[in-house]
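Below: the structure, in structure tokens.
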6 protein chains.
Amino acid sequence: MPTVRLTKRVQFSAGHRLFNPELSDEENGRLYGKCASPGGHGHNYRLDVTLEGELDPRTGMVVNFAELEETIRREVLDRFDHKNLNTEVDAMRGLVPTAENIAVAIWKCLDPNVAPGRLVEVRVAETDTNIATYRGEGAD
Amino acid sequence: MPTVRLTKRVQFSAGHRLFNPELSDEENGRLYGKCASPGGHGHNYRLDVTLEGELDPRTGMVVNFAELEETIRREVLDRFDHKNLNTEVDAMRGLVPTAENIAVAIWKCLDPNVAPGRLVEVRVAETDTNIATYRGEGAD
Amino acid sequence: MPTVRLTKRVQFSAGHRLFNPELSDEENGRLYGKCASPGGHGHNYRLDVTLEGELDPRTGMVVNFAELEETIRREVLDRFDHKNLNTEVDAMRGLVPTAENIAVAIWKCLDPNVAPGRLVEVRVAETDTNIATYRGEGAD
Amino acid sequence: MPTVRLTKRVQFSAGHRLFNPELSDEENGRLYGKCASPGGHGHNYRLDVTLEGELDPRTGMVVNFAELEETIRREVLDRFDHKNLNTEVDAMRGLVPTAENIAVAIWKCLDPNVAPGRLVEVRVAETDTNIATYRGEGAD
Amino acid sequence: MPTVRLTKRVQFSAGHRLFNPELSDEENGRLYGKCASPGGHGHNYRLDVTLEGELDPRTGMVVNFAELEETIRREVLDRFDHKNLNTEVDAMRGLVPTAENIAVAIWKCLDPNVAPGRLVEVRVAETDTNIATYRGEGAD
Amino acid sequence: MPTVRLTKRVQFSAGHRLFNPELSDEENGRLYGKCASPGGHGHNYRLDVTLEGELDPRTGMVVNFAELEETIRREVLDRFDHKNLNTEVDAMRGLVPTAENIAVAIWKCLDPNVAPGRLVEVRVAETDTNIATYRGEGAD
């Protein structure tokens, strides 16, 4: 049967501050610029989750979009939406909340939960112009 | 010469109902939810067709965008646009009109008709948030 | 207090066929072109609802966006989403389902239900390029 | 001479929490829902500033877009971008940082600074679906 | 009958250079910055044309979108699309090709040709962030 | 460590005419249609640059988005923005300024300048519907 990819796009709003407490204020400022601003700020994150799988001829589906949406809601949105990524999200504990780290963390939340689909890409757009994409390569 | 990809984006509007006549109404409802609503509904489908080929140094082109657009018009839009995907489109005969099946069917319409380009991806967005992508893998 | 406008954007998918049963097939074809195609088709409609009201200094709100969203869900989406606009929507009974008629019908659904806000505009985009806007002028 | 409107679109990212310290936690929760989440969150705000003025036949301009952009940068972006709207922005002092209050506050920042243009609209989109518009009506 | 507005969105690509030959090079540079660059450049212009009129109960239309599109093609796109706005467009003769002047010129092209609709707004977006809007006010 | 991709999106406006001086006017017209229009025209080009690299656990970054933006500004925007691609851009010398050739030329500008990231894709959208993508394959 054909192998087809599904992409589900969702959005969430979260707060963050780019800051590594193990570095000096000066080095944080040099690395993160205005993103290290002390009061914190936030973004509307756009998340594109892509699975692949074999097309089931009976249903015409790879996985059910409604079930995928429910999985993303439970595993990602309930944890990340309207939360502070520095202090309130277990999946981000100990990580500087860059788009790159958010993409890897969301991969880890979703990867065990999308069978019979296979997770192939997590894409996190922090703004319309800054996007991080993770495809599961090099994971520990 | 460099190998370059071209993507042409078009849109079409079509009607559909997600329903497999070989299943019970109850199972259709469970599988397809509101998409099984009896009166049918429809979408503005956004279609991204991607080819690749070698850049011709004389023209600066891989294939002519105008010819690609004409091929898509003839092979896809004339058959799918403002049609009912359950009843009026030969390429969808016998298939539940999911985004996945539409992507595979459009691949079959276009693949024999894009030389000297090579079709590499057909991407069908049923809505801004539900997207199916087919890359010719696993075709019968 | 300042008078502020709120716009809530939602989307719904519905089926329709532009056809007036009181006209001949020939006249329907001349008026509506491919939109009169017999099997029907459909669209992802984008709906922008705009209210105005006085800013409440205690809440910082004109009306609560969450309540406005709930009103639109109850009065519009539950009636229009994934429905056939020619046959399944009471608010469209006897009307050719053009974007213009849809905008006026949605105004009538919402206008009695948005106090203390005042409805000032209903904007219906049938596609990215065809948009109808109704501001309550000339209503019967 | 023709009177023409200019709209300049910019974006900024800021943190906020919807919370009125004069209300009980329970009432804050009831009013603001997940937007009252204690750690705060944030948004990519899209700001559309519209001026009107007479077209100068010598320059073909109403006001110079480059000067308008510089005014918005100095009066708004330098104060709001990558800041916490509850604690770090003087123009928001004492105000719950709703989209409505942000729109009115930005109007007050810009209105004295756009001559010979006349400010006619400030539009703040907190997300793609929640938008507040202020036209200077009812100002104190 | 209800008065409804229709907006038709189209796009065209054109070349221009912001330069007034009656001014010195220095003053042109000061006024127009990089837009006065001598080789010229260009844009994808997005044009939104808005009419209003009474809803015809027989057709459900104010004016036929297909006819409006044809009028815009004939009166605007055939003259502006893939043309140089400094040298090849009669409607722009003697005008610096700013977004403001383009909006007024397009108004003059369309206004005599949209009956029984009434032209209410011409909106020209030179980029996603620079937009000029003309509503027929102050015309000579 | 995880390998992550970063995409930075920028825009530039440039003028061009599709025309190969080694071909006859007739053949240029046949190949390029209205894009061969003698006065030239232009576009708002949207450029997506994608790098990949290993996530640095200390910074949470692959490469610093701010540095990538600065590299794109220096190597691409300063050369292409508000320029005529037929006559004013060294990187396009001798090339017909198609989207395909622009993508390859921008790859050559960026590839030596993005270490420790690795350039994996340059995507040039001439309009919303015509897009060329180059991944460094087949380069001379």
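The values are calculated or read from the model by the stated rules, or taken from the named source; none is laboratory data. Since the structure is predicted, the reported quantities are computational estimates derived from the model, not experimental observations. Glycine also receives a Cβ, built like all others from the backbone with ideal geometry; neighbour counts cover every protein chain displayed. Keep in mind that these areas ignore ligands, DNA and RNA; they rest on the heavy atoms of the full protein, side chains included. Shrake-Rupley method; radii C 1.70, N 1.55, O 1.52, S 1.80 Å.
Selection of the range E:42-54 for residues being crowded, with 24+ Cβ neighbours inside 10 Å and more than 14 Å from chain F (Cβ to nearest Cβ) yields only E:V49. Report whether or not A:P57 is touching a strand residue (DSSP E or B) at 6+ places or on another chain (Cβ under 9 Å) and open to solvent by 20 Å² or more (accessible area, probe 1.4 Å). Answer is no for this residue. Only residues that are surrounded by fewer than 22 Cβ atoms within 10 Å (Cβ to Cβ) and at the interface with another protein chain (Cβ under 7 Å from one of its Cβ atoms) were counted in the range A:65-80, giving 1. Taking D:T50, is it in contact (Cβ under 8 Å) with a residue 40 or more places away in the chain, in contact with a Lys or Arg (Cβ under 6 Å, 6 or more places away or on another chain) and β-branched (V, I, T)? It is true that D:T50 is in contact (Cβ under 8 Å) with a residue 40 or more places away in the chain, in contact with a Lys or Arg (Cβ under 6 Å, 6 or more places away or on another chain) and β-branched (V, I, T).
Looking at the range C:88-105, is at least one residue touching a Pro at 6+ places or on another chain (Cβ under 6 Å) and more than 8 Å from every other protein chain (Cβ to nearest Cβ)? Spell out how you get there, then give the answer.
Step one: list which residues in the range C:88-105 are touching a Pro at 6+ places or on another chain (Cβ under 6 Å), which gives C:104.
Adding the requirement that they be more than 8 Å from every other protein chain (Cβ to nearest Cβ) leaves none.
Within the range C:88-105, not a single residue is touching a Pro at 6+ places or on another chain (Cβ under 6 Å) and more than 8 Å from every other protein chain (Cβ to nearest Cβ).
With respect to D:V104, is the statement that it is touching a Ser or Thr at 6+ places or on another chain (Cβ under 9 Å) and closer than 27 Å to D:V62 by Cα true? So D:V104 does not fit the description; no.
Could you tell me whether C:R118 is touching an Asp or Glu at 6+ places or on another chain (Cβ under 8 Å) and open to solvent by 20 Å² or more (accessible area, probe 1.4 Å)? So C:R118 passes the test. The requirement of being open to solvent by 20 Å² or more (accessible area, probe 1.4 Å), hydroxyl-bearing (S, T, Y) and farther than 17 Å from E:S13 by Cα is satisfied by F:T87. In the range A:1-21, the qualifying residues are those that are within 14 Å of chain B (Cβ to nearest Cβ) and of a type outside the set (A, V, I, L, M, F, W, C), and the one that is most open to solvent (accessible area, probe 1.4 Å) is A:Q11.
Here A:V4 fulfils each of the conditions (1) in contact with a Lys or Arg (Cβ under 8 Å, 6 or more places away or on another chain); (2) part of a strand (DSSP E or B); (3) among the hydrophobic types (A, V, I, L, M, F, W, C) apart from (1).
Are any of the residues in the range D:77-93 small (G, A, S) and in a strand (DSSP E or B)?
Quick first cut of the range D:77-93, residues small (G, A, S) only: D:91.
Within this subset, residues satisfying the condition of being in a strand (DSSP E or B) are none.
There is no residue in the range D:77-93 that is small (G, A, S) and in a strand (DSSP E or B).
Residues in the range E:46-76 that are assigned to a loop (DSSP other than H, G, I, E, B) and not polar (S, T, N, Q): E:L55, E:P57, E:R58, E:G60, E:V62, E:V63. The set of residues in the range A:90-102 being open to solvent by less than 30 Å² (accessible area, probe 1.4 Å) and in contact with a Gly (Cβ under 7 Å, 6 or more places away or on another chain) consists of A:V96, A:T98, A:E100, A:N101.
Considering each residue of the range B:106-134, count those that are in contact (Cβ under 8 Å) with a residue 24 or more places away in the chain and either under 21 Å from C:R17 (Cα atoms) or within 14 Å of chain C (Cβ to nearest Cβ) (or both), and give that number. Residues in the range B:106-134 being in contact (Cβ under 8 Å) with a residue 24 or more places away in the chain and either under 21 Å from C:R17 (Cα atoms) or within 14 Å of chain C (Cβ to nearest Cβ) (or both): 6 in total. In the range C:26-41, the residue that is surrounded by the fewest Cβ atoms within 10 Å (Cβ to Cβ) out of those that are within 8 Å of another protein chain (Cβ to nearest Cβ) and under 13 Å from B:S13 (Cα atoms) is C:K34.
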